[in-house]
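Take a look at the structure set out below.
The values are calculated or read from the model by the stated rules, or taken from the named source; none is laboratory data. All values derive from a computational prediction rather than experimental measurement. Please note: Cβ atoms are built from the backbone with ideal geometry, for glycine as well, and neighbour counts cover all protein chains shown. Surface areas here come from the heavy atoms of the whole protein model, side chains and all, with no ligands, DNA or RNA. Shrake-Rupley method; radii C 1.70, N 1.55, O 1.52, S 1.80 Å.
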Amino acid sequence: MAADTDTLFHRITDYAHRADPYPLYAELREEGVVRQEDGSYLVGTYHEIEALLHDPRISSDRRKRTVPDEAAVAEEGLSPAFIGLDDPEHHRLRNLTMRSFGPPHTPDRIAGMHDDITRIVKDLIGNFADKERIDVVDDFAYPLPVTVICRLLGVPLEDEPRFRRWSDAIVAGIDPTPGEDPEARSRAAAEARKTMGLYLGDLADKRRSHPSDDMLSAFVSDSSDGQLTPLEIMTTSVLLLIAGHETTVNLITNGILTLLRHPDQLARLRSEPALMPRAVEELLRYEPPVQMLPQRTPLADVEVAGVTIPKGAPLILMLASGNRDPRRFHDPDRFDPTRDDNQHLGFGSGIHSCFGAPLARLEAQIALNELIQHLDDPRLVEDPPPYRRSPVLRGPRHLLVERGRAGA
């Protein structure tokens with residue numbers, strides 16, 4: 001039954017629990033569906049989350065809420081990216097974007113980046129080859145996906161300090177932590193979205209006369225029916241630039257942290273690199289970079305596990321909790337790179353499943369395989385490491401690792 005346990009969500013989002021929220025997720029699963037005092041609902045069990053992600057009565061458009069919503073107010077006048085829209089508009093924009101990213105129009109875009117990503121990874125490793133102490137985030141996990149998404153979109157890498165500030169503000173704007181001035185965060189995020197959108201729109205305009213082999217050029221040169229409008233190019237590019245690196249940074253960093261905590265599995269992956277694709281899937285289940293989806297809204301009264309969630313109520317789907325649900329996964333708190341039947345929620349599910357999942361998988365597989373071969377006698381300097389503030393996109397802010405000697 002529903003319970004007024006707002007303190008549970010306070011504890012989940014409390015930074016004090018960022019390093020290990022999983023005992024709180026176990027509490028959430030025991031409660032079933034949890035109603036908070038502000039009228040929002042939490043769902044943390046696998047089968048219920050999976051069903052809701054495929055339910056056409058569940059909207060991704062937070063403007064459909066019937067309760068006051070600071071983020072929606074702050075974004076008035078801004079066009080949502082397709083991740084925050086429902087079909088048919090979501091379908092139209094996602095398909096137009098996919099034309100320059102994957103099948104059927106550009107089937108080789110991601111696979112064709114394998115060698116380029118490998119070169120970037122080896123260059124980054126070469127930069128710290130003589131160091132006995134590295135920061136996995138600053139030296140490796142952050143610059144890799146930033147470099148890749150900049151090349152993919154056609155964004156100058158030297159502009160990284162500018163869009164890092166905007167990205168930080170936008171990520172803070174989706175933080176649902178109660179009682180931390182959400183209106184101010186939302187307004188700062190909306191302003192950052194506008195500024196980043198104008199910056200990317202200007203880059204796209206320049207591609208009209210000087211096209212290149214990047215996605216911005218493809219957006220402005222697409223002559224087929226249903227071309228993205230200039231405003232849609234801006235909102236879509238903002239989404240791709242942020243999503244293209246924020247989640248992958250955490251996936252790689254969480255991956256190295258997990259492997260260093262499981263030295264037997266690290267040793268096995270060193271000797272069996274072909275196992276890495278399965279290991280990455282297990283990392284997406286065990287330590288997912290996206291912990292929750294905080295922006296869902298029912299379009300009608302919906303019954304979940306015996307609880308009626310009313311139309312227009314904020315609905316928060318706790319993906320990381322569902323990934324540890326013992327009703328779905330055997331021994332869910334054990335990290336097992338050989339796990340079978342691993343249909344995790346790490347990239348969501350349904351029509352809003354992660355657009356960039358193929359690229360994130362490829363980057364993580366190459367990065368982890370290469371890095372573990374070059375970390376001899378690695379040791380965590382601090383465990384747990386300091387974490388980023390966001391409870392939505394969860395991962396270490398820094399991850400210091402010492403090694404016995406320089407890599408080969």
TODO: Please figure out what share of the DSSP beta bridges in the chain is antiparallel and state it in percent, rounded to the nearest 5.
DONE: 75
TODO: Which order do the peptides 375-386, 211-222 take when ranked by the mean count of other beta-carbon atoms within 10 Å per residue, highest first?
DONE: 211-222, 375-386
TODO: For the stretch 126-269, divide the Cα radius of gyration by the Kirkwood radius and give the resulting Rg/Rh value with two decimals.
DONE: 1.06
Open item on the list: Can you sort ASP333, ASP159, ASP325 by solvent-accessible area, 1.4 Å probe, largest first?
Closed with: ASP333, ASP159, ASP325
TODO: Using only alpha carbon positions, build the gyration tensor of the stretch 99-170, then give the equivalent ellipsoid semi-axes as the square roots of 5 times its eigenvalues, largest first, whole angstrom.
DONE: 25, 19, 9
- [ ] Extending each Cα 7 Å along its Cβ direction at ASP213 and GLU132, get the distance between those two points in nm, one decimal.
- [x] 4.4
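Restricting the count to DSSP beta bridges whose residues both fall in the stretch 285-408, what percent are antiparallel, rounded to a multiple of 5?
Roughly 90 percent of the DSSP beta bridges within the stretch 285-408 come out antiparallel.
Summing Lys, Arg as +1 and Asp, Glu as -1, what charge do residues with Cβ under 9 Å from the Cβ of VAL146 carry, VAL146 excluded? Kindly include the intermediate steps, with their values, before the conclusion.
Details: positive: ARG164; negative: GLU160.
Result for the neighbourhood of VAL146: 0.
For the stretch 1-148, what is the convex hull volume of the alpha-carbon atoms per residue, in Å³? Please report the intermediate quantities before stating the final value.
On the way: hull volume 29.3 nm³, N = 148.
About 198 Å³ per residue, rounded to a whole number.
With r as the distance between the Cβ atoms of ASP340 and ARG261 and R0 = 25 Å, compute the FRET efficiency 1/(1 + (r/R0)^6) and round to 0.05. Write out the running numbers ahead of the final one.
Numbers: r = 22 Å, r/R0 = 0.89.
Plugging the Cβ-Cβ distance into 1/(1 + (r/R0)^6) gives 0.65.
Sorted by packing (mean other beta-carbon atoms within 10 Å per residue), highest first, where do 83-92, 24-33 land? Mind dumping the intermediate values first?
Working: 83-92: 15.8, 24-33: 18.2.
Ranking, from highest mean packing down: 24-33, 83-92.
Express in % the proportion of alpha carbon pairs of the stretch 79-141 at distances exceeding 17 Å. Write down the numbers at each step before the final one.
Values: 1211 of 1953 pairs.
Within the stretch 79-141, distances greater than 17 Å cover 62 percent of Cα pairs.
Can you tell me the accessible area per residue over the chain, all protein chains present, probe 1.4 angstrom, in square angstrom?
Working: 17310 Å² over 408 residues.
On a per-residue basis, 42 Å².
Considering all projection directions equally, how large on average is the shadow of the alpha-carbon convex hull of the stretch 154-194, in square nanometres? Don't skip to the answer; put the middle values down first.
Working: hull surface 12.5 nm².
Across all orientations, the stretch 154-194 yields a mean hull projection of 3.1 nm².
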TODO: Take the Cα gyration tensor of the stretch 184-265, multiply each eigenvalue by 5, square-root it, and list the three semi-axes largest first, rounded to whole angstrom.
DONE: 34, 19, 10
- [ ] Enumerate the calculated ³J(HN,Hα) couplings along the stretch 323-328 in order (Karplus 6.51 cos²θ - 1.76 cosθ + 1.60, θ = phi - 60°), each rounded to whole Hz, writing x wherever the residue is Gly or Pro.
- [x] 5, 10, 6, x, 6, 10
Open item on the list: At 1.4 Å probe size, put ARG403, ARG133, ARG164 in order of accessible surface, largest to smallest.
Closed with: ARG133, ARG164, ARG403
Open item on the list: Given a 1.4 angstrom probe, I'd like the percentage of the accessible area of the stretch 176-228 that is carbon and sulfur, rounded to a whole number.
Closed with: 49
Task: Equivalent ellipsoid semi-axes, the stretch 291-408, via Cα gyration tensor eigenvalues times 5, rooted, Å - done: 36, 17, 15
Open item on the list: If each residue of separation counts as 0.36 nm, what is the full-extension length gain between HIS114 and ALA26 once their alpha-carbon separation is subtracted?
Closed with: 27.8 nm
TODO: Would you mind checking which residues have amide H under 5 Å from ILE309's amide H? H placed 1.01 Å from N; only 5 or more apart, or other chain.
DONE: VAL302, GLU303, VAL304
